[in-house]
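Here's the structure, in structure tokens; my notes come after.
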Amino acid sequence: MRQINKIAEITIFFWVLKILATTLGETVGDMLAQTLNMGYTIGLLVTGIAVFIILVFQIRTDKFHPLLFWIAIIGTTTVGTEISDFMDRTLGLGYLYGSLVLIAGLIATLALWYAKENNLKVFPINRKGPETFFWVAVLFSNSLGTAFGDFLTDNLGLSYIQGAFITATVIGVVVVAHTYSKINQVFLFWVAFIFTRPFGATFGDLLTKPLDHGGLDLGTINASIVTVGVFSIILYYSEKVHGHRNT
């Protein structure tokens, strides 16, 4: 009998859906703050409340629900976009100093998690304590990934394709290390989790930004609709073919 796990199994489907979730988080976050003119403070407040409610349901449930889990992931990527932009544009910290703050928060979360549980295992997570730490770490990771991606394009002046290439290279190194090295697998998981955020976000920017800025100028609403469609198809296919065994 397999152990119950509240977190999606870490397969190729997990990483594809994670990248698409980050793309959607980028487009939805920009849609709320810019297209709908909420601004970064109100956008962060609205998405923060929504994600808090979603996570309460996710943590309180006693089994894995694919749709609920991935809505929570999408929600944290959206909040991550708002947090990064709020720190940069409202608080004036800039993406570099904002990233340092988020790195400190992530390290502190993982340290508390380890001190409490004596491990940082993602599988299995079947108790509320470890799962709470997991989602806090996810929120910091997605916010950090957003800040790093924006640092590449805004501060270093790289194109969206160049930014995607850099983050894809990091992810590739992680894959090689996972396959051929003895580097701690938990460490590699969180590195990959962080860098899939800017990788997916660059595609969000590619879809939404104007043509003269290197984008496809679909706009945040159309880009979000397209991403939701692709995400839904892959999620359905992954559950139909692979599924999540929690018994």
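The values are calculated or read from the model by the stated rules, or taken from the named source; none is laboratory data. Because the structure is predicted, anything quoted here is derived from the model rather than measured. So basically every Cβ, Gly included, is an ideal-geometry build from the backbone, and we count neighbours across all protein chains shown.
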Residue under evaluation G39, criteria (1) free of Cβ contacts under 8 Å to residues at least 60 places away in the same chain; (2) under 22 Å from V175 (Cβ atoms), criterion not met
(2)
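Listed residues S181, S232; which is free of Cβ contacts under 8 Å to residues at least 40 places away in the same chain, small (G, A, S) and surrounded by fewer than 13 Cβ atoms within 10 Å (Cβ to Cβ)? Don't jump to the end; show me each part of the working.
Values: S232 fails: surrounded by fewer than 13 Cβ atoms within 10 Å (Cβ to Cβ).
The match here is S181.
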Conditions first: (1) over 30 Å from S232 (Cα atoms); (2) out of contact with any helix residue (DSSP H, G or I) (no Cβ under 8 Å at 6 or more places or on another chain). R89 passes all but one, so which condition is the exception?
(2)
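Can you go through F133, F140, F148 and tell me which one is touching a residue at least 24 places away in the same chain (Cβ under 8 Å), of a type in the set (A, V, I, L, M, F, W, C) and touching an Asp or Glu at 6+ places or on another chain (Cβ under 9 Å)? So that I can check it myself, show each step before the final result.
Working: F140 fails: touching an Asp or Glu at 6+ places or on another chain (Cβ under 9 Å); F148 fails: touching an Asp or Glu at 6+ places or on another chain (Cβ under 9 Å).
After applying the criteria, what remains is F133.
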Lone qualifier among T77, T47, T35 - being more than 13 Å from W135 (Cα to Cα), in contact with a Gly (Cβ under 9 Å, 6 or more places away or on another chain) and either at pLDDT 95 or above or surrounded by 18 or more Cβ atoms within 10 Å (Cβ to Cβ) (or both):
T47
Would you check if S224 is among the hydroxyl-bearing types (S, T, Y), touching a Ser or Thr at 6+ places or on another chain (Cβ under 6 Å) and surrounded by 17 or more Cβ atoms within 10 Å (Cβ to Cβ)?
yes
Pairs where the first residue, in segment 92-105, is under 18 Å from V136 (Cβ atoms) and the second is exposed (fewer than 15 other Cβ atoms within 10 Å of the Cβ) and aliphatic (A, V, I, L, M), C-beta under 9 Å, 6+ apart
G98/L91
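Looking at L20, L102, L91, which is the one that is of a type outside the set (G, A, S) and under 13 Å from the mean Cα position of the chain (by Cα)? Step through it out loud before you land on a result.
Working: L102 fails: under 13 Å from the mean Cα position of the chain (by Cα); L91 fails: under 13 Å from the mean Cα position of the chain (by Cα).
Only one candidate qualifies: L20.
Would you mind stating whether D150 is modelled with pLDDT under 80, surrounded by fewer than 22 Cβ atoms within 10 Å (Cβ to Cβ) and either closer than 15 Å to G98 by Cα or basic (K, R) (or both)? Break it down stepwise before answering.
Values: modelled with pLDDT under 80: yes; surrounded by fewer than 22 Cβ atoms within 10 Å (Cβ to Cβ): no; either closer than 15 Å to G98 by Cα or basic (K, R) (or both): yes.
Criteria not met by D150.
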State yes or no: is A137 crowded, with 21+ Cβ neighbours inside 10 Å, farther than 30 Å from I53 by Cα and out of contact with any Cys (no Cβ under 9 Å at 6 or more places or on another chain)?
no
Does segment 90-129 hold any residues that are farther than 19 Å from I194 by Cα and buried (at least 16 other Cβ atoms within 10 Å of the Cβ), and which are they?
L93, I125, N126
Leading residue by the ranking (modelled with the lowest pLDDT) among those in segment 1-19 that are closer than 18 Å to H178 by Cα and hydrophobic (A, V, I, L, M, F, W, C):
I10
Just give me the residues in segment 1-19 being part of a helix (DSSP H, G or I), touching a residue at least 12 places away in the same chain (Cβ under 8 Å) and out of contact with any Leu (no Cβ under 9 Å at 6 or more places or on another chain), in sequence order.
W15, V16, K18, I19
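Test L207 against the criterion of being closer than 22 Å to I83 by Cα and either modelled with pLDDT under 85 or of a type outside the set (D, E, K, R) (or both), and give yes or no.
yes
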On the given criteria, is T47 under 17 Å from V136 (Cβ atoms), β-branched (V, I, T) and in a helix (DSSP H, G or I)?
yes
